[in-house]
Every structure is written in C-alpha cells, then in structure tokens.
Amino acid sequence: MARVCVVESVSLDGVMQGLGGPDEDTRGGFTRGGWGQAYSDDVALEEAGKGMGDTTAMLFGRLTYLKMAAFWPHQTDGNPFTALLDKTPKYVVSKTLAEPLEWQNTFRLDGLTEVARLRAELEGNIVVLGSGELVRALAAERLVDQYSLSIHPIVLGGGTRLFPDQGVFDEFRLVRSVPTSTGVIIATYERRSETERRSETDSSE
C-alpha cells in the first residue's frame, strides 16, 4: 500500500492560498498573493528534491494540475524538476477534464474511491502538491498518511486555510523538522496508526 503524502506551504495562521504570485489565486478577493516568494532558499530546494526522490506518483486537484501543466512541460532551462515531473505518473481527481490529458503520463481519477484504490494498489509515496480542496476531501476520508508543511513566519490575516473550521479529528506525530535560513520550518507529520493509539489507551488504564 502506498502512502498519501501532502506537501503544502502555509502561513502561521494556516493560510495556503496564493503562495507563488499575486495572480495565482485571487478567489474570495485575496490580495496577498506571492507571500512565499521571499522565503525560498537552498535548504528548501534541497528538501524538495529529497521528497521527489521517494515519489511513486503525484496526485492533483483540477486547478493545481492545470496551473502546473501550463508551466512545467514547457521549461527548457535544464531544471531537474522538469524531467522528473514529466516522467512521474500523475493523477488528477476531476469529473470535468477530458482525456487524454496533455501532460505526459497523466491520468484522470473520477473521485476519492479511485484514489483509495490507487493507494491500495501502489507502493511508495503518492505526493499531493497544493490542491487545497482535494486535500480537505482526502482528510475528511482519512486518506492522508503524511503532511509535510513548510510553515512560514508570516501572518496573513485572511485567505483559504489548509484545514477548515469544521473537519474530522485525526492524530499525527512529528517525525522530522528542518529549519531554513529564512525562518521557515519544514515539519513532517505521519498519521498515528490504530496500534499506536490503542497502545496509549491501554497503558493509561
């Protein structure tokens, strides 16, 4: 069985919207797009490379897929991420996109049932980048096995947050944390297994 690993950048107040640029995501009148640009450094790039090395497949929501597909396949500057992303199997959860999808090695999934099937069939890590609506849906079905959160030292005061006000209860444990030179903390959390939870309950009785 594969693990679904969510990779996100968030502010201190949990906002994930509009990280990359002013016009990346202005839904809801969001005006602080591009807030993550000043925090990139070599540590963050190195950690991103390590994560890609363990990736069996990638999983996207429709909007994130369309943005990435419009950019990455057209990069010709020798960026190693381009070739890696091109060859990695990519899956898009969407009921509206028509196949075949243009970005090579990309396949459409009709819903979360197909995500669960894919998770059961594959090994390694299925990595989710961005795709906030999809992540919240996966979390509601307890299909997220790991979060890798790049927590930025900035409070945005508004915008779409990674976790909704009303969500499901779940428990994770910190397995790795890496500080960057710009004050970002890259924290990796793994979902606690039922065995771990039962062991703690038994020991407290």
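The values are calculated or read from the model by the stated rules, or taken from the named source; none is laboratory data. Quick caveat, the model's predicted, so the values are computed rather than measured. Every residue, glycine as well, gets a Cβ built from its backbone with ideal geometry; the counts of neighbours run over all protein chains shown. Just the protein is used for accessible areas: all its heavy atoms, side chains included, with ligands, DNA and RNA removed. Shrake-Rupley method; radii C 1.70, N 1.55, O 1.52, S 1.80 Å.
A few comments on the model shown:
- Antiparallel DSSP beta bridges within the chain, percent to nearest 5: 40
- Helix runs (DSSP H) in the chain reaching 18 Å along axis by Cα, Kyte-Doolittle at least 1.0: none
- What the Cβ-Cβ distance of E133 and T76 gives, at R0 = 25 Å and to the nearest 0.05, is a FRET efficiency of 0.20.
- Solvent exposure of the chain, expressed per residue, is 55 Å² of accessible area, with all protein chains present and a 1.4 angstrom probe.
- Within the range 61-153, trypsin sites (Lys or Arg not before Pro) in DSSP loop having at most 10 other beta-carbon neighbours inside 10 Å: K95
- The fraction of accessible area contributed by carbon and sulfur in the chain is 52 percent, rounded to a whole number (1.4 Å probe; ligands and nucleic acids excluded).
- Gyration tensor (Cα) of the range 19-120, equivalent ellipsoid semi-axes in angstrom: 24, 20, 14
- Alpha-carbon geometry of the chain: the Rg and the Dmax are 17.3, 61 Å, given in that order.
- Full-stretch length increase - L45, R192 - with 0.36 nm per residue and alpha-carbon distance subtracted: 50.2 nm
- Tail beyond 22 Å, pair distance distribution of the range 94-169 (Cα, percent): 35
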